[in-house]
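Q: First, the structure itself, so that you have it in front of you.
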Amino acid sequence: MSSAASEYRLDGIYKQRQSGFFMQRIKLAAGVISSAQARAVSDVAEQYGKNSLHLTSRGSIEIHWLCEHDLVSVKRELAKVGLTSRGACGGAVRGITCDSLGSAASSAIESLSHRLHRHFTGNPRFERLPKKFKIGIETDVAGGRHLIQDAGLVLARQEGGHAWYDIWIAGGLGHAPRPGFLLSEAVPEERIIPIIETILNVYSGNVPPGKRLKHLASEIGEERLRTLIENHPGYNEELPPVTGLPDVVTLTSSASRQVVIPIFAGAITADQFRGIASIAERHAGGVFVISANQDIALLLDPSADHAAMYEELALSGIPSAADGGLTLRVCPGSHECIMGLAPTRDVAERLAAILPEKSHRMVWAISGCPNSCTRPQLADVGIVASRQATGSGGERTPRYDIYRRTEDGFGKTIYEGLDCADLLSVIPGI
């Protein structure tokens, strides 16, 4: 990789499949964004990015179709509203993910997400890592998302304004999926940052470029990795308790009501995103959340006029009902991503048209390459474009593997190497 490409990645920028175009990823702590920030993102996408946005399954935002000479202007406009892309790509600590906002523990989860985001974003000590490092925070283990993080935090308990977390480490998907393992239980919040720093130091000092923490766990074993971490000088450090006003921007009243706006394939126009910003300003305290399913969640003020909100939503032009309520995570695939092997949005539309209504109660995911950015192994049904095959005329077409998850852990492969026709024929029967 060239030096310029490496620096771009640290600023959250990837080259797009189409020559001369770039993608800018925006990091959000726990997927939380204010209405003012959302308007700025919409303006950038409208002016520089063909009026389109992609919501990711890690609660971040991607703006595609950017020209290189506009990248500095894009960064400046985002910075004006406090948004950053530093470390959104490349060998750095990525965006802090969470899909538990709206729960009774929202305040603790969101506060920790913001603190981790501020601490690791742009921190030069952790910007030249062998590869990406992902942190996720959840209130429970039901969805299995803690298993795919380099450091997965699961709320163990709360008491008297304090919180304790179980720490899972060395998980990841990609070409060699590996579930994370439990490093430590019921860790007080004051030790979370020192422990993550310790994990990062062990990782960067023992892993070659291009490899994630899961590779070290596979190479030396979980117990040896645990020993390296626990014997590190920083492991037992404890920071002073956090005091002051709550570090929370979403509405957290017990009477708040969460409303999810489904966004098909994570694709939304700048105008639609701006419309949701206005709705959030009037009914949800000027804040909304991009969820792990690429949807948008509003935590409504108890005094909000819910009927008016739904009426505004209906008039906003958001194609949220295009899939009949189906939860379907989709990456950009070969439409824009240089790694994409399949046109994922096209496949998603064809699937949505043929799936029986009973299938809409399930979670589906489509990944355009083995990197598995949409977490297909954690969906009820996950589809991965695993390779391309060359036909008799020299044409190359994608081949798909299907995963089925019916218990804890990762889904199991039930079909391999299907072409698109075979994929569409077997899916309705799953």
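The values are calculated or read from the model by the stated rules, or taken from the named source; none is laboratory data. For clarity, every value in this text was computed on a predicted model and none was experimentally measured. So basically every Cβ, Gly included, is an ideal-geometry build from the backbone, and we count neighbours across all protein chains shown.
Q: If we only count helices (runs of 4 or more DSSP H) wholly inside the stretch 178-284, which ones have 2 or more residues that are without any contact (Cβ under 8 Å) to a residue 40 or more places away in the chain, surrounded by fewer than 20 Cβ atoms within 10 Å (Cβ to Cβ) and assigned by TED's automatic domain parsing to the domain that holds ILE135? Show your work before the answer.
A: Values: elements: 192-206, 213-220, 222-230, 270-283.
Qualifying helices (runs of 4 or more DSSP H): 192-206, 213-220, 222-230.
Q: When the residues of the stretch 218-266 are narrowed to those that are out of contact with any strand residue (DSSP E or B) (no Cβ under 6 Å at 6 or more places or on another chain) and among the small types (Gly, Ala, Ser), which ends up nearest to ILE33 (Cα to Cα)?
A: The selected residue is SER253.
Q: For the stretch 45-62, name all the residues that are closer than 14 Å to SER85 by Cβ, surrounded by fewer than 24 Cβ atoms within 10 Å (Cβ to Cβ) and touching a helix residue (DSSP H, G or I) at 6+ places or on another chain (Cβ under 7 Å).
A: If the condition is that a residue be closer than 14 Å to SER85 by Cβ, surrounded by fewer than 24 Cβ atoms within 10 Å (Cβ to Cβ) and touching a helix residue (DSSP H, G or I) at 6+ places or on another chain (Cβ under 7 Å), then TYR48 is the only one that fits.
Q: Is it fair to say LEU116 is in the same structural domain as LEU173 (by TED's automatic domain parsing), within 18 Å of the chain's Cα centre (by Cα) and among the hydrophobic types (A, V, I, L, M, F, W, C)?
A: yes
Q: If we keep just the residues of the stretch 366-401 that are among the β-branched types (Val, Ile, Thr) and surrounded by fewer than 22 Cβ atoms within 10 Å (Cβ to Cβ), which is farthest from LEU173 (Cα to Cα)?
A: Step by step, filter the stretch 366-401, then rank; the result is THR390.
Q: State yes or no: is ARG76 within 22 Å of PHE120 (Cα to Cα) and touching a Gly at 6+ places or on another chain (Cβ under 7 Å)?
A: no
Q: Conditions: (1) of a type in the set (Val, Ile, Thr); (2) in the same structural domain as PRO194 (by TED's automatic domain parsing); (3) within 18 Å of GLU197 (Cβ to Cβ). VAL93 meets all but one. Number of the miss?
A: Unmet condition: (2).
Q: Can you find a residue that is under 17 Å from the mean Cα position of the chain (by Cα) and surrounded by fewer than 22 Cβ atoms within 10 Å (Cβ to Cβ) anywhere in the stretch 69-78?
A: no
Q: Follow-up. Let me confirm something: among SER103, SER42, SER113, SER73, which residue is of a type in the set (S, T, N, Q) and in contact with a strand residue (DSSP E or B) (Cβ under 6 Å, 6 or more places away or on another chain)?
A: Among SER103, SER42, SER113, SER73, only SER113 is of a type in the set (S, T, N, Q) and in contact with a strand residue (DSSP E or B) (Cβ under 6 Å, 6 or more places away or on another chain).
Q: Identify the residue in the stretch 344-365 that is of a type outside the set (Ser, Thr, Tyr) and in contact with a Pro (Cβ under 8 Å, 6 or more places away or on another chain) and, among all such residues, is surrounded by the fewest Cβ atoms within 10 Å (Cβ to Cβ).
A: PRO356
Q: Checking GLN377 against (1) more than 30 Å from ARG25 (Cα to Cα); (2) not charged (D, E, K, R); (3) not in a strand (DSSP E or B), which single condition isn't satisfied?
A: Every listed condition holds for GLN377 apart from (1).
Q: Starting from residues that are assigned to a loop (DSSP other than H, G, I, E, B) and hydrophobic (A, V, I, L, M, F, W, C), keep the ones in the stretch 334-357 and report whichever is nearest to LEU424 (Cα to Cα).
A: Step one: list which residues in the stretch 334-357 are assigned to a loop (DSSP other than H, G, I, E, B), which gives 336, 338-343, 355-356.
Then drop every residue that is not hydrophobic (A, V, I, L, M, F, W, C), which leaves 338-339, 341-342, 355.
Numbers: ILE338: 25, MET339: 23, LEU341: 17, ALA342: 14, LEU355: 9 Å.
Going through the qualifying residues, I end up with LEU355.
Q: Looking at the stretch 291-318, I want the residues that are more than 17 Å from ILE263 (Cα to Cα) and in contact (Cβ under 8 Å) with a residue 40 or more places away in the chain and have a partner that is among the charged types (D, E, K, R) and surrounded by fewer than 21 Cβ atoms within 10 Å (Cβ to Cβ) with Cβ atoms under 6 Å, at least 6 apart or on another chain. Which pairs are those?
A: The qualifying pairs are LEU300/ARG257.
Q: Need the failing condition index for CYS98 against (1) touching a Gly at 6+ places or on another chain (Cβ under 6 Å); (2) buried (at least 23 other Cβ atoms within 10 Å of the Cβ), just the number.
A: With (1) touching a Gly at 6+ places or on another chain (Cβ under 6 Å); (2) buried (at least 23 other Cβ atoms within 10 Å of the Cβ) applied to CYS98, the lone miss is (1).
Q: Let me ask another. Give me a count of the residues in the stretch 188-231 that are β-branched (Val, Ile, Thr) and closer than 22 Å to ALA156 by Cβ.
A: The number of residues fulfilling the criteria is 7.
Q: Moving on to the next point. With respect to THR406, is the statement that it is of a type in the set (Val, Ile, Thr), surrounded by fewer than 19 Cβ atoms within 10 Å (Cβ to Cβ), outside any loop (DSSP other than H, G, I, E, B) and free of Cβ contacts under 8 Å to residues at least 60 places away in the same chain true?
A: Taking the combined requirement at face value, the residue does not satisfy it.
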